[in-house]
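Everything below concerns the one structure shown next.
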Amino acid sequence: MSRWSRWSPFPTPAPKRPPPERGIKVKRVGATWWGRRWIEALERLSSNYSNRLARGRTYARAGRVHDLVVAPGKVTARVTGSRATPYKVTLRIAPLAPAAWDKAIGEMARQALFAAELLAGQMPTEIDGVFHAAGRSLFPATEKDLETDCSCPDWANPCKHVAATHYVLGEAFDKDPFLLFELRGRSKEDVLGALRKRRAGAAGAADGAERAAPGAAQIPFVSLAKRDPAEYERHRGPPLNLHFRIEPPASSATLLRQLGAPPSWSLDEPPAEVLAPLYQAAGALARDLALRPAEESAPVSTPPRPKPRARRS
């Protein structure tokens, strides 16, 4: 409720209520490229949208947004402001049609790097190109793609409560990129299951084609009939001529990015950025040891420690 000032004929706004304990305090939006892309996509909707979007940043950092729920085509949240009852915020974006999802997953399955990054909990940088090939976009492209609603009296779009929810949602995408798929109509299990099935089917078809090709090397069939179990591990012929390579992973510190920052983390940078150099150095050292000839016994160098980061006050 507003109060009347002694010297002004206009009511002064009531003081804001403190953020609830369950409020989601945004530390940094855009720790990953897909989190940044969400905010950038909103800023490109229109100049009016981008100008008003920053109004919600203070609310998001203060933890005034809570009860965030992401469902296919819909995001709901509560925002604590000056009123006794939190404001109700709803964001709607149309789920993609099954045909568009089938085309997009087919494109993902055809590219081994896409499949590897998604199975490792990462969002490939060219993922939107896959959806464009299917005739759709993973991120909102126009204001018509995104419908917003808030129970506050502000008529502008976005109001600061909607804007704050956008920032909280962007940080949620940072922690779990599969929420983007959830919002557009497919769960993480649906996408990864379909992706594994497509990849397994492609691999099986390739193996069958190789076996059927004229002159292809035939792998002898092994039968355990009339075999002595004691001879099971004994070679019955020369070993196959195997070739392998040890290469750096497509992306480093993927497990850290998937887990996110622990509650006790106090640095501005997320753990993946701080510890990624150590992961890369350890991986390079392991590859060097694996590929080094046995007769070499060079001393192992210790990877440099990362520089200490400033803690937030």
- Once R83, R257, R52 are ranked on solvent-accessible area with the largest value leading and a 1.4 Å probe, the list reads R83, R257, R52
- Rounded to 0.05, the calculated FRET efficiency for the beta carbons of L267 and K88 at R₀ = 41 Å is 0.75
- Item | Long-range HN-HN contacts of A94 with modeled amide H, under 5 Å | none
- Would you kindly find the accessible area of K103, with a 1.4 Å probe and non-protein molecules such as ligands, DNA and RNA excluded, rounding to the nearest 10 Å²? 120
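For the stretch 39-115, what is the accessible area per residue in Å², given a 1.4 Å probe and the full set of protein chains?
Each residue of the stretch 39-115 exposes 46 Å² on average to a 1.4 Å probe.
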- Test item: Cα-centred dipole of the stretch 46-119, Lys/Arg +1 and Asp/Glu -1 on Cβ, debye: 600
- Note on the structure: So, with points 7 Å from each Cα along the Cβ direction, the R44-L275 label distance in nm works out to 3.4
- Task: Might you work out the accessible area of W101 for me, using a 1.4 Å probe with all protein chains in place, and round it to the nearest 10 Å²?
- Result: 0
- Query: Say the cut-off is 21 Å between C-alpha atoms; which of K74/K103; K88/K160; K103/K197; K74/K160 go over it?
  - Reply: K74/K103
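The values are calculated or read from the model by the stated rules, or taken from the named source; none is laboratory data. Please read these numbers as outputs of a predicted model, since none were measured by experiment. We place every Cβ from the backbone using ideal geometry, glycine too, and count neighbours over all the protein chains shown. Remember, those area values only see protein heavy atoms, side chains included, never the ligands or the DNA or RNA. Shrake-Rupley method; radii C 1.70, N 1.55, O 1.52, S 1.80 Å.
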